[in-house]
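Report on one structure; see the data block that follows.
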Amino acid sequence: MTPPALRTLAPLGWLALGVGVLAAVAIVLGGLGFRWDPFDVGRRRLERAERTADFAERQAAARTAEAEGEAGQVARLDAAAQSAVTLERVTARSIQTARTADDAASPLPADRVARLRDHDRKLCLAAPGLVGCSAAPDLAGDGEPAV
């Protein structure tokens, strides 16, 4: 037979008793480490957090590479600028020395003039953008643009 206390419960009491038992079971099982996740929300949250962390790591690596590249570019530009300044100083000294030399007013021998012109021509072929060089010669020779 059922105890008299259980017979006196109304339907609302039975409902409250059932909810209480379920809550107690959930608390005990939760304390033991059991988790009920029917929609797998925890796994999806973990995957989203891992994707976000991976994206952040890739962005940080990209920013680091950009910063290193920029630092290298600045160093190369500084070296090129320093080289240009040094070249300008040396050239100015050479020009001044050539203009004030004892034989600056003497004409050059013809064979030396020919060697210097040949050397200038070779320089202009190698680097047509140099000051004093005319446009690059047509290397194709048949009117077609040089490749």
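The values are calculated or read from the model by the stated rules, or taken from the named source; none is laboratory data. Source: prediction; values computed, not measured. With ideal geometry, Cβ positions are generated from the backbone for all residues, glycine too; neighbour counts draw on all protein chains shown. These accessible areas exclude ligands, DNA and RNA; they are computed on the full protein's heavy atoms, side chains included. Shrake-Rupley method; radii C 1.70, N 1.55, O 1.52, S 1.80 Å.
Remarks
- Residue within the stretch 11-22 that is exposed (fewer than 10 other Cβ atoms within 10 Å of the Cβ) and either in contact with a strand residue (DSSP E or B) (Cβ under 6 Å, 6 or more places away or on another chain) or not small (Gly, Ala, Ser) (or both) present: yes
- The stretch 116-127: number of residues that are open to solvent by less than 80 Å² (accessible area, probe 1.4 Å) and either of a type in the set (Phe, Trp, Tyr) or within 20 Å of Thr91 (Cα to Cα) (or both): 4
- Across the stretch 90-111, the number of residues qualifying as surrounded by 10 or more Cβ atoms within 10 Å (Cβ to Cβ) and not hydrophobic (A, V, I, L, M, F, W, C) comes to 5.
- Asp138 being outside any helix (DSSP H, G or I), at pLDDT below 85 and among the acidic types (Asp, Glu): yes
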